[in-house]
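Each reported figure results from applying straightforward, stated rules to the coordinates on display, with no laboratory input. All figures in this text were calculated on a predicted structure; none of them were measured in a lab. No Cβ is skipped: glycine too gets one built from the backbone with ideal geometry, and neighbour counts run over all protein chains shown.
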Amino acid sequence: MLPFYPAFLAGMMLVVLADDAFTFLFGWEFMSLASFALVVSHHGVAENVRAGLVYLMMAAFGTLALMLAFGLLAAGGEGVSLQALSFSAMRAHGPTPLAAAVVLGLALLGAGSKAGLVPLHVWLPLAHPAAPSHVSALMSGVMTKVAVYGFIRIVFDLAGPPAWWWGVPVLLVAGPTAVAGVLYALMQTDVKRVLACSTIENIGIIFVGLGLALAFEANGAPAVAALALTAALFHVVNHALFKSLLFFGAGAVLVATGEKRMGMLGGLIHAMPQTALAMLVGAAAISALPPLNGFVSEWLTFQAILLSPDLPVWGLKMLIPAVGALLALAAALAAACFVRLYGIVFLGRPRSAAASQAREADGFTRTAMASLAVLCLAAGILPGPVIDALQGAVAPLVGVRMTGQGHLAWLSIIPVAEGRSSYNGFLVFVFIALSASLAALAVHAFGSRAVRRAPAWDCGFPGDDPLAQYSAESFAQPLRRVFGRSLFAARETVTMPPPGDMAPARLSVSERDPAWAFLFAPLGRAVSALSGRANAIAHLNIRNYLALVFGALVLLLVVLALWA
Amino acid sequence: MPASAITSAASAPALQLLVAGIVALVLLAAGAVPLARKAGGSALVYGAAAAICVLVLGTALSSLGGAPASLILPPGLPELGGRLRLDALAAVGLDGDGLGGAAASPFALGFPPGCAPGGAGGGASPPGAMPATSRRRNGCCPSIPPSWPA
């Protein structure tokens with residue numbers, strides 16, 4: 001595993017610095033193959049190998065789509081020259097409107113498959129948890145952002161000015177991605193898998209910002225486009241911070257307990273207080289709670305959504321509020337998801353010996369988590385300088401920059417107009433810190449130290465079993481019943497022992513990912529059937545092979561003649 | 001344009017520094033092959049990766065407001081070379097890369113190599129299905145009894 005780690009980092013950096021299609025795709029493949037090797041680093045587990053193969057297939061598909069996109073972008077130049085593959089040549093001539101539309105679709109497929117847009121997300125909940133935790137953090141927190149970078153570079157920079165409708169497909173994919181991602185996360189019982197699925201949700205949020213930026217830029221509102229693009233880039237930074245933090249926390253729990261199953265954890269706040277605090281910051285940040293950084297970027301996205309009535313196109317006027325409603329739903333579900341994750345893993349009592357014997361993480365791990373937690377808080381309290389720093393990237397892409405935020409009084413940010421909206425993370429932080437401190441002082445000053453012990457209410461069942469606590473499955477049950485039955489075909493089966501049998505009753509939950517059921521499984525069956533039929537060609541005699549070659553030649557000549 | 005090392009704009013040294021960082025990571029990957037089996041090899045590789053990522057992060061942060069710089073390296077396609085460009089968007093991307101690497105590398109130092117993530121919890125589940133719920137352990141905490149509560 002060790003050699004692939006720096007190779008993975010190098011690949012991601014090369015993609016970002018590339019200024020021609022060949023270097024970009026070389027770096028992209030380098031990144032994909034190195035991360036594949038890291039995903040299958042524990043190849044003794046069969047499921048990890050399967051996850052790696054699914055990831056490899058999706059990565060190859062994504063590269064193919066990007067290759068075609070770059071081919072279309074390079075085809076607009078005069079003559080046949082490899083210099084047409086440089087990004088400067090692509091910017092200089094620009095594609096035709098039809099080619100640009102196809103490039104948008106290919107970029108959505110290519111970059112979207114790597115980022116985890118629904119329905120191309122299927123590799124992500126498999127591969128991210130299969131990798132070691134620091135690699136999971138990089139894949140989820142950084143590699144998906146390299147894919148977002150690729151999308152921005154192609155669509156905003158190379159594909160020319162957007163048409164009025166470019167934002168529509170992006171928004172149509174992004175809104176459902178945000179909701180589906182967090183619903184997937186709510187159904188999971190593996191800590192790392194919850195985090196991986198939550199990445200899908202956050203990619204949806206980022207792409208909502210990008211879709212809004214395209215829609216506003218193309219419809220003559222570059223200032224709002226700058227706001228939306230800033231929100232997307234801010235969320236890119238934020239997600240890299242809190243998702244890395246959360247994966248580190250999951251890794252610390254895995255090392256301390258050997259468990260990723262939420263049903264076997266619990267009560268870790270006592271054994272791992274520093275990890276618990278860092279995870280609390282990460283969970284609050286990803287749930288978009290002020291004064292942390294996740295709130296700021298989502299709030300900026302909503303500010304752009306609230307400006308959609310100013311758009312001249314009725315379709316967008318109706319679509320964007322609908323996407324805003326999906327975003328609000330995703331934000332609420334994300335809060336429920338991370339209350340569940342944190343509550344089950346860190347609160348309550350240990351549900352296993354592994355959890356009861358856990359010890360605090362080592363110094364390296366705690367330092368890494370603490371650094372990211374501090375950055376989450378800093379970006380939430382001081383969003384102005386971050387927004388200003390992003391304007392250098394925003395201005396060349398949409399033509400204008402947001403007004404400076406870093407110099408405003410009391411560290412406020414005013415993205416649109418003072419009378420319309422403003423936010424001050426610093427004041428929120430001071431208010432929360434003061435009110436919490438005063439509440440703690442009041443409790444200590446006036447509260448009784450006497451401990452009153454009484455038997456806990458156990459619904460009439462005797463015994464004091466930690467397994468009687470709220471579980472990950474029971475917490476998610478209401479949401480699973482509301483959303484899961486239709487979207488994921490969720491089924492709950494209760495197996496009751498016959499009378500007299502002392503065996504416990506068992507509840508099992510089965511779910512189905514519609515992307516697998518309705519897209520990839522039929523596709524796999526079709527490929528299998530086609531390859532089975534094509535296999536007959538591999539066993540011809542020389543005469544039939546010659547006839548086949550001749551027939552193919554004639555067919556190509558006919559196609560060429562018709563093309564001309 | 002011939003494929004040769006050509007730079008433009010004032011912040012070219014930043015781009016050269018970033019290219020040096022990528023080359024260093026590739027060399028580190030090659031060097032990690034023999035180091036992987038040696039005691040302290042992981043610490044050396046992850047420590048060096050962290051240092052390089054901090055360098056990349058610092059350079060990218062300083063380039064956020066700078067003018068775009070480009071560089072053409074000889075390796076690459078004929079007539080094209082390997083073209084690299086550092087603009088503000090690339091700097092934002094590199095900030096993410098550098099920050100992620102700078103945080104993940106120290107974390108990896110404390111992560112035991114035998115802690116297979118696919119162990120407890122069954123690793124990745126079959127496509128489209130619920131995660132496996134096997135009780136298999138992964139060796140992260142082998143001293144813990146196999147079942148609890150009784």
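Things worth noting here:
- Across the range A:155-270, the mean sequence separation of Cα contacts (distance under 8 Å, 6 or more residues apart), normalised by length, yields a relative contact order of 27 percent.
- Rg and Dmax of the range A:362-476, Cα atoms only, in Å: 23.6, 69
- Sorted largest first, the spans of the alpha carbon positions of the range A:93-215 along the three principal axes are 48, 24, 18 Å.
- Relative contact order %, the range A:32-135, counting alpha carbon pairs below 8 Å whose residues are six or more apart: 37
- Note on the range A:281-371: Cα convex hull, mean projected area over all directions, 8.0 nm².
- Longest to shortest principal axis, alpha-carbon extents of the range A:1-145, angstrom: 52, 30, 22
- Residue-wise HN-Hα coupling along the range A:468-482, computed from phi with Karplus coefficients 6.51, -1.76, 1.60 (Hz; x: Gly, Pro): 7, 5, 4, 10, 4, 5, 5, 4, 7, 4, x, 5, 5, 6, 6
- Shielding of A:355-368 by partner chains, average beta-carbon count, 10 Å: 4
- Estimated from the Cβ-Cβ distance and a Förster radius of 41 angstrom, the FRET efficiency linking B:Ala67 and A:Ala417 is about 0.85.
- Efficiency of FRET between A:Ser528 and A:Ala409 - r from beta-carbon atoms, R0 56 angstrom, step 0.05: 0.30
- FRET efficiency estimate (nearest 0.05) - Cβ-Cβ, A:Leu556 to A:Ala46, R0 41 angstrom: 0.40
- With the gyration tensor restricted to C-alpha atoms of the range A:36-77, the semi-axes of the equivalent ellipsoid amount to 33, 8, 4 Å, longest first.
- Other-chain or far-sequence residues with amide H under 5 Å of A:Leu265's (modelled H): A:Arg351
- Once the chain from A:Thr495 to A:Val374 is taken as fully extended at 0.36 nm per residue, the excess over their C-alpha distance is 38.8 nm.
- Simple spin-label estimate for A:Trp563 and A:Leu546 in nanometres, 7 Å along Cα-Cβ: 2.8
- Whole-Hz ³J(HN,Hα) from phi, Karplus 6.51 cos²θ - 1.76 cosθ + 1.60, for the range B:55-71, glycine and proline x: 4, 4, 4, x, 5, 5, 4, 6, 9, 4, x, x, 6, x, 10, 10, 8
- Calculated diffusion of the protein assembly as shown, Stokes-Einstein form, Kirkwood radius summed over Cα pairs, 25 °C and 0.890 mPa s, µm²/s: 92
- Computed over chain A, relative contact order equals 11 percent, with contacts defined as Cα pairs under 8 Å that lie 6+ residues apart.
- Counted over the range A:261-308 with a bin width of 10 Å, the fraction of Cα pairs per bin, in whole percents, is 24, 33, 24, 13, 5.
- In degrees, nearest ten, helix A:293-305 long axis to first principal axis of chain A (Cα): 50
- Rg over Rh for the range A:223-353 works out to 1.11, both radii taken from alpha-carbon positions and Rh defined as the Kirkwood radius.
- Projected label points at A:Ala503 and A:Arg453, each 7 Å from Cα along the beta carbon direction, are separated by 3.8 nanometres.
- HN-Hα J in Hz across the range A:379-391 - Karplus 6.51, -1.76, 1.60, θ = phi - 60°, x for Gly and Pro: 5, x, 7, 10, x, x, x, 5, 4, 4, 5, 7, 5
- The distance between label points at A:Phe431 and A:Arg481 comes to 3.6 nm (points 7 Å beyond Cα on the Cα→Cβ vector).
- Cα-based values for the range A:291-428, radius of gyration first and Dmax second, are 19.8, 62 Å.
- Close amide H pairs (under 5 Å, H built 1.01 Å from N) link A:Tyr470 with no residue at least 5 positions away or on another chain.
- On a per residue basis, the convex hull of the C-alpha atoms belonging to the range A:184-260 measures out at 60 Å³.
- Principal axis box of the range A:471-558, alpha-carbon based, largest edge first, Å: 74, 31, 16
- Around the amide H of B:Ala67, modelled in the peptide plane, lie the amide H atoms of B:Ser11, all under 5 Å away and 5 or more residues distant in sequence or on another chain.
- Per-peptide average of other Cβ atoms within 10 Å, ordering B:17-24, A:506-513, B:99-106 highest first: B:99-106, B:17-24, A:506-513
- The equivalent ellipsoid that matches the C-alpha gyration tensor of the range B:9-101 spans semi-axes of 27, 18, 8 angstrom, in descending order.
- Relative compactness, the range A:400-460, computed as alpha-carbon Rg over 2.2 N^0.38 Å: 2.10
- Legend: mean number of C-beta atoms from other chains within 10 angstrom of residue C-beta atoms, peptide A:248-261, equals 6.
- Given their separation in residues at 0.36 nm each and the Cα-Cα distance between them, A:Leu441 and A:Arg91 gain 119.8 nm when the chain is fully extended.
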